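Worksheet for the structure shown next.
The values are calculated or read from the model by the stated rules, or taken from the named source; none is laboratory data. This structure is a prediction, so every number in the text was calculated from the model and none was measured. Note that we place each Cβ from the backbone using ideal geometry, even for glycine, and neighbour counts take in every protein chain shown.
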Amino acid sequence: MTGAGDVRLSHAQQRFLWDEEMAPGQDDNNVVLAYHLTGPVDPDAMAAAFADVLLRHEVLRTVYLWGDAPEPVQRVLPPEAAGTALEHVAPDGPALPPAERAALVCADWWDSPFDLELRPPVRARLAALAPDSWLLCLNLHHIAFDGQSELLLAADLGTAYGARAAGRAPAWDPVPGYGTYARWEAGRVPDWAGTDLPFWREVLADPAPALLAPAETDQGGRGEHEIALDAPATDRVKGAVRAARSIVLSALLHETSAAVGDVFGVDAVNLTTVSSGRFEKAHAPILGCFVNPLVLPLRGLRTTDPGTRLTEVNRLVLQALRRARLPFDLVARDLGVRAADSGLFDVMVALQAPEPGGAFAPGVTCRPLRVPAPRAGFGLVVELEQHLEGHWSVAGRWRTDLVGEETGRGVVESLTERLLALPGPEGGR
């Protein structure tokens, strides 16, 4: 039964809820985060800090219900009903590096889907490796979380922990709940449809052919490959992107499409990326899922002059970002396509937000650890990762039933070579 305080879902939440209803527990929708904390951590203060953050951000206390309404709604639970607390775990077995130990601490989460109607989709564990070495592990569903949310959550946890360790409650300004964004979006979608749909109809009027065979299952085995760029190489790529008068996302999409052309032998491909979705300053401190997919068919991968093509891709990307407000599910509905069956989502390209980390609280530092998922849903995902130390990595992951090892690695290696070969400010390499 729906209540007076219930709010309709945002379109981003609707996409993830439909996905969860059709294929529960997909790894691509399951966010598993781990941090290595160095310093004298107080477990009781950390538990109190986690509770403070749950109280501060309504989306961490939200369930998603059908009730008797014609569409699902989100309901914020009071803290005492949310049933979420920091779990203290004791690692057993031989000593392992922190990243390997984190993978073991989080392992069961991959096979424990959230029931989005019964409890908020958030879990947390704290594990002591040594008196001054700790693991903080978090598990959330994408319906309530995105890349920018990680930066916000890590910062708020550090602030709250520092206060609790000093014997006081955190003093911070209140943050609007995610429901305020959902209401704001709902009131503006009709206007966005009028102004933005003509652009998307034109862009997607003639998409590229599907690159991968249709998947027979919701998930497959996962392959991955990552190449780290050192600081000088990262700086060279940044300088080359500036010299081309491009933004990093445009250069990443351009060079990814060229790498796909190299490896797959095609001259056109549909690339999907995402906008951050936080269009108003008031939304910046809100935890939740704001991202919106953008599908861009790119052509001339092997036949157009690279410099000319980068200029054209940058122009298209900037135009698309200005029209990224309109939820993609409405675009797909208008065009009469199902993205999963059309090849529009064969290749996902993501410019990841910078990693959180560094000083967590007085006397405690934080370093993010990567916990790889055992399975993959998307056929091929290419990411540019921005690390805490300032350097970048080029990473790819793929479904092993759709993309072979040589092919997946080949895309990552070709993309890396192409980024490093971008001409610099003086035309050099």
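Does Val295 meet the test of being of a type outside the set (Phe, Trp, Tyr), assigned to a helix (DSSP H, G or I), touching a residue at least 60 places away in the same chain (Cβ under 8 Å) and in contact with a strand residue (DSSP E or B) (Cβ under 7 Å, 6 or more places away or on another chain)? Here the answer is no, as Val295 does not meet what is asked. Of the residues in the range 322-352, how many are surrounded by fewer than 20 Cβ atoms within 10 Å (Cβ to Cβ) and touching an Asp or Glu at 6+ places or on another chain (Cβ under 7 Å)? Of the residues in that region, 4 qualify. Taking the criterion of being free of Cβ contacts under 8 Å to residues at least 60 places away in the same chain and in a helix (DSSP H, G or I), the only residue of the range 200-217 that qualifies is Glu202. The number of residues in the range 380-409 that are buried (at least 19 other Cβ atoms within 10 Å of the Cβ) and out of contact with any Gly (no Cβ under 9 Å at 6 or more places or on another chain) comes to 5. Residues considered: Glu389, Glu355, Glu405. Of these, the only one that is of a type outside the set (Ser, Thr, Tyr), at negative phi and modelled with pLDDT of 95 or more is Glu405. For the range 234-274, filtering for residues that are surrounded by fewer than 19 Cβ atoms within 10 Å (Cβ to Cβ) and within 23 Å of the chain's Cα centre (by Cα) leaves 3.
Every condition in (1) of a type in the set (Gly, Ala, Ser); (2) under 25 Å from Ala258 (Cβ atoms); (3) out of contact with any helix residue (DSSP H, G or I) (no Cβ under 6 Å at 6 or more places or on another chain) is met by Ala353 except one, and the failing one is (3).
Looking at Leu151, Leu140, which one is crowded, with 20+ Cβ neighbours inside 10 Å, within 18 Å of the chain's Cα centre (by Cα) and outside the structural domain of Gly288 (by TED's automatic domain parsing)?
On the way: Leu151 fails: crowded, with 20+ Cβ neighbours inside 10 Å.
On inspection, the qualifying residue turns out to be Leu140.
Residues that are under 18 Å from Trp398 (Cα atoms), in a loop (DSSP other than H, G, I, E, B) and in contact with a strand residue (DSSP E or B) (Cβ under 7 Å, 6 or more places away or on another chain) within the range 218-233 comprise just one, Gln219.
Suppose the filter is at pLDDT below 95 and of a type in the set (Phe, Trp, Tyr); does Phe328 pass it? Walk me through it before giving the result.
Values: at pLDDT below 95: yes; of a type in the set (Phe, Trp, Tyr): yes.
When the stated conditions are applied, Phe328 passes them.
Select from the range 298-318 the residues that are assigned to a loop (DSSP other than H, G, I, E, B) and not β-branched (Val, Ile, Thr) and write down the one among them that is surrounded by the fewest Cβ atoms within 10 Å (Cβ to Cβ). Step through it out loud before you land on a result.
Of the residues in the range 298-318, the ones assigned to a loop (DSSP other than H, G, I, E, B) are 300-305.
From what's left, not β-branched (Val, Ile, Thr): 300-302, 305.
Details: Gly300: 17, Leu301: 23, Arg302: 12, Asp305: 10.
Looking at residues that are assigned to a loop (DSSP other than H, G, I, E, B) and not β-branched (Val, Ile, Thr), I get Asp305.
Counting only helices (runs of 4 or more DSSP H) that sit completely within the range 1-90, those holding 1 or more residues that are surrounded by fewer than 21 Cβ atoms within 10 Å (Cβ to Cβ) and at pLDDT below 95 correspond to 11-22, 79-82.
Here is a yes/no grid of residues against (1) in contact (Cβ under 8 Å) with a residue 40 or more places away in the chain; (2) over 30 Å from Gly363 (Cβ atoms); (3) touching a Lys or Arg at 6+ places or on another chain (Cβ under 9 Å); (4) β-branched (Val, Ile, Thr):
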{"position": "Gly162", "(1), (2), (3), (4)": "yes, no, no, no"}
{"position": "Ala186", "(1), (2), (3), (4)": "yes, yes, yes, no"}
{"position": "Val189", "(1), (2), (3), (4)": "yes, yes, yes, yes"}
{"position": "Thr195", "(1), (2), (3), (4)": "yes, yes, yes, yes"}
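Between Pro176, Pro113, Pro198, Pro120, the distinction of being more than 24 Å from the chain's Cα centre (by Cα) and either at pLDDT 95 or above or surrounded by fewer than 19 Cβ atoms within 10 Å (Cβ to Cβ) (or both) belongs to Pro198 only.
Here Gly336 passes the criteria (1) in contact (Cβ under 8 Å) with a residue 24 or more places away in the chain; (2) at positive phi except the one numbered (1). Does Leu197 satisfy being assigned to a helix (DSSP H, G or I) and in the same structural domain as Thr272 (by TED's automatic domain parsing)? For Leu197, the condition - assigned to a helix (DSSP H, G or I) and in the same structural domain as Thr272 (by TED's automatic domain parsing) - is met.
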